[in-house]
Amino acid sequence: MSSDLPFWQLLQTESVLTLATADACGSWSAPVLYAANIVNEKPVLYFLSAHSSRHIKSLPVNGSAAASVYADYQGDWQAIKGLQMHGVVSETTQDAVEHWQSVYFARFPEVAEMIANPLSDQQKKIASAFERSGKFSFTPSLIRLTDNSAKFASHNEWVFG
């Protein structure tokens, strides 16, 4: 996969992935910070989440989930741009945690610094929570790019096997 595909720039410039799942109580979505990478010619989005969070607990056995990433709205509806995705969430295996951390901390060095050198009791609590949290990835099987700057409701799709 080439990093010059139209959706790649948006994945690199934005930082919040909205992850959507469903459970017996209904649909649920949650925002998480993510870092994007290309693995085996597919985009992969790495994020951190508590194992007890509703969006993680409600994942089906196959990890199927929907997600979206949108650029900040700047007061111009014609500039709305974002990604709608379907794919699989999986927890990072122990042997891949180092790679996960290298990608995530390269995107969020301030988080790495706070974890390594907490300056307050609050930061110490956050660093401790980080260590207990799960390191997850979202691998899209479908990405739909909506870009109103090209044409109202204009979209392109990519399917990954």
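The values are calculated or read from the model by the stated rules, or taken from the named source; none is laboratory data. Bear in mind that the values here come from a model prediction, so they are computed numbers and not experimental data. No Cβ is skipped: glycine too gets one built from the backbone with ideal geometry, and neighbour counts run over all protein chains shown.
Here are some residues: Ser3, Ser52, Ser102, Ser90. Which one is hydroxyl-bearing (Ser, Thr, Tyr) and modelled with pLDDT under 90?
Testing whether each residue is hydroxyl-bearing (Ser, Thr, Tyr) and modelled with pLDDT under 90 leaves just Ser3.
When you scan region 62-161 for strands (runs of 3 or more DSSP E) that lie fully inside it, which ones turn up with 3 or more residues that are touching a Cys at 6+ places or on another chain (Cβ under 9 Å) and either free of Cβ contacts under 8 Å to residues at least 24 places away in the same chain or not β-branched (Val, Ile, Thr) (or both)? Before the answer, list the steps.
Values: elements: 64-70, 81-91, 134-147, 155-159.
Of the strands (runs of 3 or more DSSP E) lying wholly inside region 62-161, none has at least 3 residues that are touching a Cys at 6+ places or on another chain (Cβ under 9 Å) and either free of Cβ contacts under 8 Å to residues at least 24 places away in the same chain or not β-branched (Val, Ile, Thr) (or both).
Give Ala36, Ala30 a once-over and let me know the one that is under 22 Å from Asn156 (Cα atoms), surrounded by 13 or more Cβ atoms within 10 Å (Cβ to Cβ) and touching a strand residue (DSSP E or B) at 6+ places or on another chain (Cβ under 6 Å).
Residue meeting the stated conditions: Ala36.
Only one of (1) small (Gly, Ala, Ser); (2) out of contact with any strand residue (DSSP E or B) (no Cβ under 6 Å at 6 or more places or on another chain); (3) surrounded by 12 or more Cβ atoms within 10 Å (Cβ to Cβ) is not met by Ser141, so which one is it?
With respect to (1) small (Gly, Ala, Ser); (2) out of contact with any strand residue (DSSP E or B) (no Cβ under 6 Å at 6 or more places or on another chain); (3) surrounded by 12 or more Cβ atoms within 10 Å (Cβ to Cβ), Ser141 is out only on (2).
Go through (1) charged (D, E, K, R); (2) farther than 23 Å from Leu10 by Cα; (3) surrounded by 12 or more Cβ atoms within 10 Å (Cβ to Cβ) one by one and return the number of the condition Lys135 breaks.
Status for Lys135: all satisfied but (2).
Can you pull out the residues in region 45-58 that are in a strand (DSSP E or B) and surrounded by fewer than 22 Cβ atoms within 10 Å (Cβ to Cβ)?
Within region 45-58, the subset in a strand (DSSP E or B) is 45-49.
Within region 45-58, Leu48, Ser49 qualify.
With respect to Pro60, determine if the residue is farther than 18 Å from Phe136 by Cα and either of a type outside the set (S, T, N, Q) or out of contact with any Pro (no Cβ under 9 Å at 6 or more places or on another chain) (or both). Steps first, answer last, please.
Numbers: farther than 18 Å from Phe136 by Cα: no; either of a type outside the set (S, T, N, Q) or out of contact with any Pro (no Cβ under 9 Å at 6 or more places or on another chain) (or both): yes.
It is false that Pro60 is farther than 18 Å from Phe136 by Cα and either of a type outside the set (S, T, N, Q) or out of contact with any Pro (no Cβ under 9 Å at 6 or more places or on another chain) (or both).
What residue, among those in region 11-27 that are more than 20 Å from Ser141 (Cβ to Cβ) and among the hydroxyl-bearing types (Ser, Thr, Tyr), is surrounded by the most Cβ atoms within 10 Å (Cβ to Cβ)?
The qualifying residue surrounded by the most Cβ atoms within 10 Å (Cβ to Cβ) is Ser15.
Check region 16-35 and report whether any residue there is out of contact with any helix residue (DSSP H, G or I) (no Cβ under 6 Å at 6 or more places or on another chain), assigned to a strand (DSSP E or B), of a type in the set (S, T, N, Q) and touching a residue at least 40 places away in the same chain (Cβ under 8 Å).
Yes; the residues of region 16-35 include at least one that is out of contact with any helix residue (DSSP H, G or I) (no Cβ under 6 Å at 6 or more places or on another chain), assigned to a strand (DSSP E or B), of a type in the set (S, T, N, Q) and touching a residue at least 40 places away in the same chain (Cβ under 8 Å).
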